Structure formats: C-alpha cells, structure tokens
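Engineer: Structure in structure tokens, see below.
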Ligand code: F3S
C-alpha cells in the first residue's frame with residue numbers, strides 16, 4: 001500500500017506512539033483487504049461497549065499518549081446513577097468498568113454522546129463523505145440511506161481512524177464495491193417499521209453471502225426508524241454494511257444504476273410467508289411478562305412520542321424501560337413525554353445499552369417484551385425470554401402485563 005511521506009512518518013512514530021500503533025493496525029488491515037492508499041476521514045463513531053476488551057484497547061492508546069484528530073461519537077454505556085436509584089445497585093465490577101471507560105474516552109478526546117443512533121443526531125454525514133463508523137445499525141444507515149462511505153469498522157479500527165484521521169481505502173469506500181450483486185425480489189407488502197425488522201432479520205437467513213444486496217419491489221420509503229430497524233437486524237442476523245432499495249435509496253435510482261448495468265450474481269425471493277416464518281421463529285409465544293424494554297437501537301423522539309401517546313393516562317403493569325440518547329430524553333422532557341411515561345410508571349433512561357455489564361441483573365431469567373429482535377437475541381445469554389412485537393402491541397402488553405397475541 002502506498003503511504004505518503006507524512007503517513008510513513010506517522011507509521012514510524014514521528015507523531016507519537018499511539019499514532020504509530022494505530023497506523024500499524026490500519027496499514028495491516030489495508031494490506032489484508034488490498035487497499036492501495038490511505039484516505040482522510042471527516043467523522044468517526046466508536047461502538048464503545050464498556051466491556052473488558054474495549055477498555056483495554058482505549059486505555060492502551062491513552063497510555064501511549066493518544067488523542068483523537070477526529071473526535072468520534074460513542075455508543076451507549078450505563079447511566080449508573082439512574083439505575084442505582086430506580087432499578088437496583090449496579091455491582092461494583094460494573095461501576096468500575098463504566099467509570100474507567102468514561103475516563104479513558106474523555107482523555108482520548110471522544111464526544112461522550114453515549115448513543116447508538118448518531119446518524120439521527122450529533123454525527124450525521126452527507127452523501128459521499130468518507131467516514132469510519134462502527135455499530136450495527138449505524139454502518140448500513142450511513143452507507144445506504146445517506147450515501148456516505150464507511151466500511152463495517154470494529155470499535156477498535158474506528159478508534160484508530162479517529163486517532164490518525166485516515167482509513168485504508170478498500171471495500172465500501174470504492175465505487176465498484178458499492179454496486180449490488182444480489183437481486184432481492186421482495187414479494188411482500190412492507191408496510192411498517194416492524195416489517196422492516198422482520199425483513200432485515202429474514203434476508204441473511206436466506207442468503208448469507210457478503211455481497212451488496214438490492215431490494216426490489218418495496219414501494220414506499222421507510223421512516224427513519226424503519227431504516228434504522230432494517231439495518232440493525234440485517235447486521236445482527238447477518239453482516240450487511242450496505243444495501244440498496246431500488247427507487248428509494250440514493251445510489252439505486254433504478255436497477256441499472258444499482259447493478260452498474262451488470263447481471264445480478266444471484267436472485268433471492270422473499271415472500272410474506274418468509275416473513276411470517278421469521279416471526280414464528282423469533283417472536284415468541286403469548287404469555288405473561290415481567291418487564292418491557294424499548295430502545296435497541298436507541299429510540300427516536302417519534303418513537304418516544306408513540307409510547308407516550310399509548311400510555312397517556314394509564315398505568316403500566318410491569319417495569320418499562322425506554323432507552324434513548326440524552327438529547328432525546330431532554331427533548332422528551334420539554335415535550336411532556338417524559339412526564340407522561342413517568343406517570344404511567346415507566347422510565348426513560350439515557351446513555352444506556354441493553355447489552356452492557358451487569359446493570360440489568362434483576363431481570364436475568366425473566367420474561368419480557370420488546371420491539372427489537374436484536375435486543376432479544378443479545379439477551380439470550382442472560383436467559384431473558386423476550387417476546388418480540390410491534391412497538392404499539394408491545395406497549396399495550398406492558399400496560400396489561402401480558403402479551404396476548
Ligand atoms: Fe444500541 Fe446497545 Fe442495542 S448499542 S443497538 S442498545 S445493543
């Protein structure tokens with residue numbers, strides 16, 4: 001891979017140990033993926049996880065004197081104070097790792113946004129912008145819906161990019177690698193955000209390859225939340241960093257552009273019965289629940305408003321957790337939604353992930369409802385039996401303490 005004189009200097013330590021270390025990792029990645037050069041980035045998002053490996057890596061860079069050239073936004077962690085007050089004392093191991101993680105990311109110069117939907121607020125790229133994003137819903141959203149360019153970075157490679165301000169140019173940064181190869185014929189009416197969850201989970205079960213898919217036959221543009229759900233599930237049950245929806249997403253105005261005039265390598269058909277089969281397989285049977293959890297990925301203000309509308313003047317029968325960014329929580333407070341949800345007995349908690357050190361321990365082994373397949377899947381290891389339903393149905397279930405349909 002060609003490196004400029006300045007980049008060679010970075011690699012050989014002229015800008016400090018952390019830059020050299022990051023460049024070594026990035027140069028290695030570039031060689032593995034056949035990059036010819038490094039290119040500058042304008043944004044980064046690091047999928048901080050407040051877990052051991054994540055902390056080890058960021059502290060290592062901090063101890064080398066690392067400082068981000070491009071201040072990345074970061075994923076959620078835990079609002080320890082809120083959970084201590086309203087759920088249960090977070091165990092000391094959890095408190096320690098969270099506070100050390102926060103300190104390390106502050107020192108390295110990250111923006112402590114603690115939010116997994118940076119593309120909706122705070123870190124929104126433009127079409128064609130070259131960036132380094134990690135996080136499952138973020139990569140497909142910025143690539144597919146906006147037309148920015150990022151590979152599926154790990155949290156470590158995104159942090160290296162934030163330190164050097166560069167990425168190796170390969171994969172989804174290149175025009176030719178952004179063209180579709182898989183023709184996905186959607187023969188089902190995709191009518192709401194939940195259908196996007198199911199479609200996103202379904203496609204990788206039918207076709208597992210890494211090629212870029214183009215979905216054909218979807219008539220209406222999804223809401224931002226529909227796109228968010230779609231990408232989150234595509235990148236949880238599979239590994240899709242970029243998709244096109246022909247006639248809707250910016251790089252696929254028609255089939256010819258989506259496939260660069262070439263024949264698709266493969267055709268995949270998805271029918272309503274495939275989505276129904278996914279629903280049957282992952283959504284769980286009706287039954288009583290102990291709590292409800294929403295916000296994986298973090299909810300938008302529109303979704304928070306939907307929950308407030310449904311629970312206004314009513315009372316939840318079980319604990320309800322609504323996870324979102326601190327900005328959205330503040331907006332929800334201004335707009336009265338926080339008050340409505342609190343009066344119904346629910347919580348809005350900012351900065352917090354469903355998959356973090358043991359803050360959710362009182363719920364291990366219990367039953368719950370969510371609207372997110374990703375939330376259900378990640379919590380299988382904690383033996384939480386999540387039933388998955390569309391947001392409205394799930395909120396209704398939390399009001400009566402039971403999933404009836
Ligand atoms: Fe966000 Fe954590 Fe889910 S980062 S998408 S709440 S697993």
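The values are calculated or read from the model by the stated rules, or taken from the named source; none is laboratory data. Everything numeric in this text was worked out from a predicted model, so none of it was measured. Here Cβ is always computed from backbone atoms with ideal geometry, including for glycine, and neighbour counts include all displayed protein chains.
Engineer: Mind checking which residues of the range 80-102 are farther than 21 Å from residue 297 by Cα and part of a helix (DSSP H, G or I)?
Structural biologist: 81, 84, 85, 86, 92, 93, 94, 95, 96, 97, 99, 100
Engineer: Also: Determine, yes or no, whether residue 177 is touching a helix residue (DSSP H, G or I) at 6+ places or on another chain (Cβ under 9 Å) and surrounded by fewer than 21 Cβ atoms within 10 Å (Cβ to Cβ).
Structural biologist: yes
Engineer: Now a separate question. Any residue at all in the range 239-254 that's assigned to a helix (DSSP H, G or I), in contact with a strand residue (DSSP E or B) (Cβ under 9 Å, 6 or more places away or on another chain) and closer than 23 Å to residue 136 by Cβ? Give the derivation first.
Structural biologist: First, the residues of the range 239-254 that are assigned to a helix (DSSP H, G or I): none.
No, the range 239-254 contains no residue that is assigned to a helix (DSSP H, G or I), in contact with a strand residue (DSSP E or B) (Cβ under 9 Å, 6 or more places away or on another chain) and closer than 23 Å to residue 136 by Cβ.
Engineer: Hey, does the range 56-72 have a residue that's crowded, with 22+ Cβ neighbours inside 10 Å and touching a strand residue (DSSP E or B) at 6+ places or on another chain (Cβ under 7 Å)?
Structural biologist: Scanning the range 56-72, I find at least one residue that is crowded, with 22+ Cβ neighbours inside 10 Å and touching a strand residue (DSSP E or B) at 6+ places or on another chain (Cβ under 7 Å), so the answer is yes.
Engineer: Something else now. Of the numbered conditions (1) touching a helix residue (DSSP H, G or I) at 6+ places or on another chain (Cβ under 7 Å); (2) buried (at least 24 other Cβ atoms within 10 Å of the Cβ), residue 246 fails exactly one; give the number of that condition.
Structural biologist: Failed condition: (2).
Engineer: Determine whether the range 103-125 contains at least one residue that is part of a helix (DSSP H, G or I), modelled with pLDDT of 95 or more and either in the same structural domain as residue 233 (by TED's automatic domain parsing) or within 16 Å of the ligand (Cβ to nearest atom) (or both). So that I can check it myself, show each step before the final result.
Structural biologist: Keep residues of the range 103-125 that are part of a helix (DSSP H, G or I), which gives 103-108.
Subset that is modelled with pLDDT of 95 or more: 103-108.
This time we only want the ones that are either in the same structural domain as residue 233 (by TED's automatic domain parsing) or within 16 Å of the ligand (Cβ to nearest atom) (or both), so: 105.
Looking through the range 103-125, at least one residue is part of a helix (DSSP H, G or I), modelled with pLDDT of 95 or more and either in the same structural domain as residue 233 (by TED's automatic domain parsing) or within 16 Å of the ligand (Cβ to nearest atom) (or both).
Engineer: On to the next question. In the range 363-384, which residues are away from the ligand (no atom under 13 Å from the Cβ) and in a helix (DSSP H, G or I)?
Structural biologist: Hit for the range 363-384 is 363, nothing else.
Engineer: Please determine whether any residue of the range 79-88 is within 21 Å of the chain's Cα centre (by Cα) and either within 30 Å of residue 14 (Cα to Cα) or touching a residue at least 12 places away in the same chain (Cβ under 8 Å) (or both).
Structural biologist: Just the residues of the range 79-88 that are within 21 Å of the chain's Cα centre (by Cα), to begin with: 79.
Remaining after also requiring either within 30 Å of residue 14 (Cα to Cα) or touching a residue at least 12 places away in the same chain (Cβ under 8 Å) (or both): 79.
For the range 79-88, residues within 21 Å of the chain's Cα centre (by Cα) and either within 30 Å of residue 14 (Cα to Cα) or touching a residue at least 12 places away in the same chain (Cβ under 8 Å) (or both): present.
Engineer: Just to be sure before I move on: is residue 50 at pLDDT below 95 and touching a helix residue (DSSP H, G or I) at 6+ places or on another chain (Cβ under 7 Å) in the structure I sent?
Structural biologist: So residue 50 passes the test.
Engineer: Checking the structure you have, find out if any residue of the range 375-388 is within 24 Å of residue 312 (Cα to Cα), assigned by TED's automatic domain parsing to the domain that holds residue 316 and in contact with a helix residue (DSSP H, G or I) (Cβ under 7 Å, 6 or more places away or on another chain). Please lay out each step first, then the result.
Structural biologist: Just the residues of the range 375-388 that are within 24 Å of residue 312 (Cα to Cα), to begin with: 387-388.
Checking which are assigned by TED's automatic domain parsing to the domain that holds residue 316 leaves us with 387-388.
Among the residues that remain, those that are also in contact with a helix residue (DSSP H, G or I) (Cβ under 7 Å, 6 or more places away or on another chain) are: 388.
Yes: the range 375-388 contains one or more residues that are within 24 Å of residue 312 (Cα to Cα), assigned by TED's automatic domain parsing to the domain that holds residue 316 and in contact with a helix residue (DSSP H, G or I) (Cβ under 7 Å, 6 or more places away or on another chain).
Engineer: Still on this structure, I have one more. Scanning for something assigned to a strand (DSSP E or B) and more than 28 Å from residue 123 (Cα to Cα), does the range 320-337 turn up at least one residue?
Structural biologist: Here is the first cut: in the range 320-337, the ones assigned to a strand (DSSP E or B) are 320-324.
Applying the additional criterion that residues be more than 28 Å from residue 123 (Cα to Cα) yields 320.
Yes, there is a match, as at least one residue in the range 320-337 is assigned to a strand (DSSP E or B) and more than 28 Å from residue 123 (Cα to Cα).
Engineer: State whether one or more residues within the range 278-285 are assigned to a loop (DSSP other than H, G, I, E, B), within 16 Å of the ligand (Cβ to nearest atom), in contact with a helix residue (DSSP H, G or I) (Cβ under 9 Å, 6 or more places away or on another chain) and farther than 30 Å from residue 96 by Cα. Spell out how you get there, then give the answer.
Structural biologist: Here is the first cut: in the range 278-285, the residues assigned to a loop (DSSP other than H, G, I, E, B) are 283-285.
With the extra rule that they be within 16 Å of the ligand (Cβ to nearest atom), the set shrinks to none.
Checking the range 278-285: not a single residue is assigned to a loop (DSSP other than H, G, I, E, B), within 16 Å of the ligand (Cβ to nearest atom), in contact with a helix residue (DSSP H, G or I) (Cβ under 9 Å, 6 or more places away or on another chain) and farther than 30 Å from residue 96 by Cα.
Engineer: Another question about this same structure. Mind checking which residues of the range 385-398 are in contact (Cβ under 8 Å) with a residue 60 or more places away in the chain and assigned to a helix (DSSP H, G or I)? Reasoning before the result, please.
Structural biologist: Residues of the range 385-398 that are in contact (Cβ under 8 Å) with a residue 60 or more places away in the chain, as a first pass: 385-392, 394-398.
Listed by number, the residues that qualify are 391, 392, 394, 395, 396, 397, 398.
Engineer: Among (1) touching a helix residue (DSSP H, G or I) at 6+ places or on another chain (Cβ under 7 Å); (2) buried (at least 20 other Cβ atoms within 10 Å of the Cβ); (3) farther than 18 Å from residue 284 by Cβ, which single condition is residue 358 missing?
Structural biologist: Evaluating residue 358 over (1) touching a helix residue (DSSP H, G or I) at 6+ places or on another chain (Cβ under 7 Å); (2) buried (at least 20 other Cβ atoms within 10 Å of the Cβ); (3) farther than 18 Å from residue 284 by Cβ leaves (2) as the failure.
Engineer: In contact (Cβ under 8 Å) with a residue 60 or more places away in the chain, in contact with a strand residue (DSSP E or B) (Cβ under 7 Å, 6 or more places away or on another chain) and either within 15 Å of the ligand (Cβ to nearest atom) or within 23 Å of residue 99 (Cβ to Cβ) (or both) - does that describe any residue in the range 329-339?
Structural biologist: Within the range 329-339, none of the residues are in contact (Cβ under 8 Å) with a residue 60 or more places away in the chain, in contact with a strand residue (DSSP E or B) (Cβ under 7 Å, 6 or more places away or on another chain) and either within 15 Å of the ligand (Cβ to nearest atom) or within 23 Å of residue 99 (Cβ to Cβ) (or both).
Engineer: Would you point out which residue out of 38, 10 is in contact (Cβ under 8 Å) with a residue 40 or more places away in the chain, surrounded by 13 or more Cβ atoms within 10 Å (Cβ to Cβ), assigned to a strand (DSSP E or B) and away from the ligand (no atom under 16 Å from the Cβ)? Write out each step before concluding.
Structural biologist: On the way: 10 fails: assigned to a strand (DSSP E or B).
Of the residues listed, the single one that is in contact (Cβ under 8 Å) with a residue 40 or more places away in the chain, surrounded by 13 or more Cβ atoms within 10 Å (Cβ to Cβ), assigned to a strand (DSSP E or B) and away from the ligand (no atom under 16 Å from the Cβ) is 38.
Engineer: Take the residues of the range 126-147 that are more than 26 Å from residue 18 (Cβ to Cβ) and part of a loop (DSSP other than H, G, I, E, B): which is farthest from the ligand (Cβ to nearest atom)?
Structural biologist: Per the criteria, the residue is 128.
Engineer: Another question, then. For the range 250-264, which residues satisfy the criterion of being within 18 Å of residue 217 (Cα to Cα) and surrounded by 12 or more Cβ atoms within 10 Å (Cβ to Cβ)? Spell out the reasoning first.
Structural biologist: If we filter the range 250-264 for residues that are within 18 Å of residue 217 (Cα to Cα), which is where we start, we get 250-259, 263-264.
Answer for the range 250-264, where residues must be within 18 Å of residue 217 (Cα to Cα) and surrounded by 12 or more Cβ atoms within 10 Å (Cβ to Cβ): 250, 251, 252, 253, 255, 257, 258, 259, 264.
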